[in-house]
Each structure stands twice: as C-alpha cells, then as structure tokens.
Amino acid sequence: MATQKLDYQGGKAYGERMEMLSQKLSDINEDFLNDKDYSEVEDLAEKLAQYKEKFLEFDLDQNLEIGMMAMKRMMEKLGQAKTHLEIQKMIKEVDTTGSETINYREFVLMMLGGKSTILKLILFFENIGRAEEIKTGVPPKRSLDSLP
C-alpha cells in the first residue's frame, strides 16, 4: 500500500502569496514615487506605505481588488456601515476601469487626488476617531498628595 505524502506547507504558501501581493503593490508604489506629477506630495513614501497596508488589510480574496463585500466589511470595521447601494456608489466614484471593484492604483489615485470621495473622507478621518492607546507596564510611582 502506497502512502500519500501530505503537504503541510499551507502556512508557508500563504506567506509566499502575501509576499508576492505585497511586492506587486510595492512596484505600483515605485511608479508613483517616480512619477513627476506626485513629486510635490509631502511624505509620499510614508503615505504610500500606509495605503498599501490598508489595502492589503481589506483585500479579502487577495486578488488585489476591493469588491462589494470587502468594501462592506471595511466600512463596518471602520464603524461606518453602509447599504449595498451606498457601497456601489462609493465604488463607482473611484472605479475608472468599469470593473465594479477598486484596484490598488485606483485606491492610491483616490487618496492622492484632489477629489473628495466618501471613502477617502472616511479613511482620512479614521485615525481621529481612534481611542488613545492604553498604556501598559509598571504604573508610575505616586505620592499621597497626588491622590484626589
């Protein structure tokens, strides 16, 4: 009886896939960094790194496009739940290819562009609504006169 070899490399394959996707987005970021139209943008490299991280976080099916369900999940996670019609409208505002999805290049163009879309505004103000990080570690020493 022949024994079947089991493939235990699922985690490794996933890591390799994420690395490949990350590299594709990095290549697109390089195009923006080398584009003279964006040379005036302040902290462009830092912004592009943030956009890449955010895009990968919400690209659910890892096809480098944000579709209807990924957009719905993103809005819910940001505390801005939207109806399907609202999400379709948001995607149409950004989609330049007619694919009914948002690819990474469209996402970056939206974030760097002058046009204020609903999605851009929500993502831009996301950081303002975040609660202050909880400090961990040993608390500072206090004296009796510092107590209320």
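The values are calculated or read from the model by the stated rules, or taken from the named source; none is laboratory data. Quick caveat: nothing in here was measured; it's all calculated off a predicted structure. Backbone-built Cβ (ideal geometry, glycine too); neighbour counts: all protein chains shown. In case anyone asks, the SASA skips ligands and DNA or RNA and just uses the protein heavy atoms, side chains included. Shrake-Rupley method; radii C 1.70, N 1.55, O 1.52, S 1.80 Å.
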Original post:
Going by accessible area, probe 1.4 Å, with all protein chains left in place, what is the ranking of Arg142, Arg17, largest first?
Top reply: Arg142, Arg17
**OP:** Return the sequence-ordered ³J(HN,Hα) values of region 138-146 in whole Hz as given by the Karplus equation 6.51 cos²θ - 1.76 cosθ + 1.60 applied to θ = phi - 60°, using x for Gly and Pro.
**Re:** 6, x, x, 5, 10, 10, 4, 6, 8
**OP:** Give, rounded to the nearest 20 debye, the magnitude of the charge dipole that region 41-98 has about its Cα centre when Lys and Arg contribute +1 at Cβ and Asp and Glu contribute -1 at Cβ.
**Re:** 280 debye
Original post:
Efficiency by 1/(1 + (r/R0)^6): what FRET value for Arg105 and Lys12, r their Cβ-Cβ distance, R0 = 41 Å, to the nearest 0.05?
Top reply: 0.90
Subject >> Pairs from Lys12/Lys54; Lys12/Lys47; Lys52/Lys89; Lys12/Lys89; Lys12/Lys120 whose Cα-Cα separation, in the structure shown, is over 32 Å >> reply: Lys12/Lys89; Lys12/Lys120
Original post:
How far is it, in nm, from the label point at Met20 to the one at Glu46 when both lie 7 Å from their Cα along the line to the Cβ?
Top reply: 3.4 nm
Original post:
Can you tell me the accessible area per residue over region 31-114, all protein chains present, probe 1.4 angstrom, in square angstrom?
Top reply: 58 Å²
**OP:** For region 1-111, just say rounded, prolate or oblate: build the C-alpha gyration tensor, square-root its eigenvalues into a ≥ b ≥ c, call rounded for a/c under 1.5, and beyond that prolate if a/b exceeds b/c, oblate if not.
**Re:** oblate
Original post:
Given the protein chains as shown and a 1.4 Å probe, how many square angstrom of Thr96 are accessible, to the nearest 10?
Top reply: 110 Å²
Original post:
Which one of Tyr104, Met68, Ala49 is farthest out on the positive end of the charge dipole of region 1-109, using unit charges on Cβ (Lys, Arg +1; Asp, Glu -1) and the Cα centre as origin?
Top reply: Met68
Original post:
At a 1.4 Å probe, what is the % contribution of carbon and sulfur to the accessible area of region 1-113?
Top reply: 50 percent
Original post:
Using a 1.4 Å probe, how large is the accessible area of Met110, given in Å² and rounded to the nearest 10?
Top reply: 10 Å²
Original post:
Check Ile66: other-chain or 5+ apart residues with amide H under 5 Å from its amide H, H built from backbone geometry?
Top reply: Ile102, Asn103
